[in-house]
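These notes concern the structure reproduced below.
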Amino acid sequence: MTAKLDDAQRLRELARLRRVRDRIDREYAQPLDVESLARDANVSAGHLSRQFKIAYGESPYAYLMTRRIERAMALLRRGDRSVTEVCFEVGWSSLGTFSSRFSELVGVSPSVYRRECARATLGMPPCVARQVTRPVRNREAPARSRA
């Protein structure tokens, strides 16, 4: 009986985490923070962060930042918006913070990405381009050769 209860609790927890992840995916450009996500999920911020990281491999905040950077990359590849417009459209309120975080995860600044890297995905279906250009976590962006 206890095993069935544990399984049921685990499934409820996974469903709760999926709802949080789906909300981040939908509302990435809105001001979101772990406390409000946790409050809406009826858990503490610490519990949400720990369980989200166990389930998805990164904290809710890191997941949000990754979503914002992915969307920024897609907009920059289109080439019809300035870096500043993209920054605000994906939810940042500071161009400096956006540029720093983008550079940290992607390995180049947003303006360099827009100018040089975006050409690499020309002709690719958007779903493939998203997978190929997915940002890497924890300052793991590949070093660019200076050849």
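The values are calculated or read from the model by the stated rules, or taken from the named source; none is laboratory data. Predicted, not measured: the structure shown is a model, and the values here were computed from it. FYI the Cβ positions are ideal-geometry reconstructions off the backbone, even for glycines, and counts take in every protein chain you see. Only protein heavy atoms, including side chains, enter the accessible area calculation; ligands, DNA and RNA are left aside. Shrake-Rupley method; radii C 1.70, N 1.55, O 1.52, S 1.80 Å.
Mean separation of Cα pairs under 8 Å and 6 or more residues apart, divided by the residue count, gives the chain a relative contact order of 19 percent.
Residues in the chain average 62 Å² of solvent-accessible surface per residue, probe 1.4 Å, ligands and nucleic acids excluded. What the phi angles of region 32-41 give under the Karplus curve with 6.51, -1.76 and 1.60, with θ = phi - 60°, is a coupling list of 10, 9, 4, 4, 6, 4, 5, 4, 5, 8 Hz, glycine and proline written as x. With the helix formula -39500 (n - 2.57) applied to DSSP H stretches of n ≥ 4, the chain reaches a computed 222 nm mean residue ellipticity of -20500 deg cm²/dmol. Helix 60-78 and the longest principal axis of the C-alpha atoms of the chain enclose an angle of approximately 30°. For the chain, with all protein chains in place and a probe radius of 1.4 Å, 51% of the accessible heavy-atom surface sits on carbon or sulfur. Computed over the alpha-carbon pairs of the chain, the distance histogram in 5 Å steps reads 2, 9, 17, 19, 17, 14, 9, 6, 4, 2, 1, 0, 0 percent, short to long. Taking all protein chains as shown and a probe of 1.4 angstrom, THR84 keeps an accessible surface of around 60 Å². Among VAL108, VAL86, VAL43, the residue with the largest mean-square fluctuation in a Gaussian network model of the chain, with springs joining Cα atoms closer than 10 Å, is VAL43. For the chain, the longest piece that avoids every one of the trypsin sites (Lys or Arg not before Pro) found in DSSP loops with at most 13 other C-beta atoms within 10 Å covers 1-138.
Please give the FRET efficiency for GLU85 paired with ASP25, using the beta carbon to beta carbon distance and R0 = 25 Å, rounded to the nearest 0.05.
With R0 = 25 Å, the Cβ-Cβ based efficiency is 0.70.
Taking all protein chains together and a 1.4 Å probe, the residues CYS117, CYS127, CYS87 rank CYS127, CYS117, CYS87 from largest to smallest accessible area.
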